[in-house]
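Comments concern the structure below.
The values are calculated or read from the model by the stated rules, or taken from the named source; none is laboratory data. It should be emphasised that the depicted structure is a prediction, and the values quoted were computed from it without experimental measurement. FYI the Cβ positions are ideal-geometry reconstructions off the backbone, even for glycines, and counts take in every protein chain you see.
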Amino acid sequence: MKHFAIYLPGLNDHKTGSMLTRVLKIWRVFGVDVLYHPMLWSDKQTLSKKLESILKDVDMLISSGGKVSIIGTSAGASAAINTYTERRDNIYKVVCICGKLKNSEDISNTFIEYPAFEESMKKLSENIPLLDKQELNKILSLRSLLDGTVPPSDTVITGANNRLKLAIGHGYSITYALTIEAWRIARFIKS
């Protein structure tokens, strides 16, 4: 069976999109075709419109006959889990890399520039308690040893597969996961 993943980036996706599109092509070697879905967090589009767009991609890939997973990095991890709760029966796995998944009060100033991220964090706090043990087991959350942007403790979801990466720094840890550890994440997605 064909495996697809939809990649949801963090807040600076308007700066890194073209590079990420090229990096994500290496995942084909590991049996996962990754579709880059720009979140454009800095525009003023509501979260519901952003999720609607992601769900169209999910439905399109499902209709092609493959298994669909979601990968979210940093702020994109909140959108990944929110997407998952909308299509629990159809989304195969979820991977969060250095994802800001709790303690949104620590970043309230960030929400001024990125209001959809604030909506995503609020929705996330409502959605995580709705997930049962089996659904939580489909989530892999990767955190770094040290991260000055997203504290590693903010990436942990009780009941999910929480793993520590031997990397330091937010951007570096995400890049490390998407390249050096791509094979390991692809193995989780396909398991």
Inset, instruction - Go through (1) over 18 Å from N161 (Cβ atoms); (2) surrounded by 14 or more Cβ atoms within 10 Å (Cβ to Cβ) one by one and return the number of the condition Y92 breaks. - result: (1)
Inset, instruction - Answer yes if at least one residue in region 50-60 is among the polar types (S, T, N, Q) and more than 20 Å from I139 (Cα to Cα), and no otherwise. - result: yes
Inset, instruction - Just give me the residues in region 102-116 being part of a helix (DSSP H, G or I), in contact with a Leu (Cβ under 9 Å, 6 or more places away or on another chain) and closer than 17 Å to T73 by Cα, in sequence order. - result: S104, T110, A116
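Can we say W27 is closer than 20 Å to L142 by Cβ, among the aromatic types (F, W, Y) and buried (at least 19 other Cβ atoms within 10 Å of the Cβ)? Let's see the steps before the verdict.
Values: closer than 20 Å to L142 by Cβ: yes; among the aromatic types (F, W, Y): yes; buried (at least 19 other Cβ atoms within 10 Å of the Cβ): yes.
Answer is yes for this residue.
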Inset, instruction - Any residue in region 124-143 that's touching a residue at least 60 places away in the same chain (Cβ under 8 Å): show its pairings with residues that are part of a strand (DSSP E or B) at Cβ separation under 6 Å, as long as the two are six or more apart or on different chains. - result: S141/C96; S141/N162
Inset, instruction - Name every residue in region 36-76 that is buried (at least 24 other Cβ atoms within 10 Å of the Cβ) and at positive phi, in order of residue number. - result: S74
Inset, instruction - Could you please let me know if L140 is at pLDDT below 95 and either more than 27 Å from R88 (Cβ to Cβ) or not small (G, A, S) (or both)? - result: no
Inset, instruction - Output the residue which, of all residues in region 1-21 that are surrounded by fewer than 14 Cβ atoms within 10 Å (Cβ to Cβ) and among the polar types (S, T, N, Q), is modelled with the highest pLDDT. - result: N12
Inset, instruction - Among what's in region 163-182 and is surrounded by 13 or more Cβ atoms within 10 Å (Cβ to Cβ) and either hydrophobic (A, V, I, L, M, F, W, C) or in contact with a Pro (Cβ under 7 Å, 6 or more places away or on another chain) (or both), pick the residue that is nearest to G31 (Cα to Cα). - result: A182
Inset, instruction - Among the numbered conditions (1) surrounded by 15 or more Cβ atoms within 10 Å (Cβ to Cβ); (2) among the aliphatic types (A, V, I, L, M); (3) over 14 Å from the mean Cα position of the chain (by Cα), tell me where A79 comes up short. - result: (3)
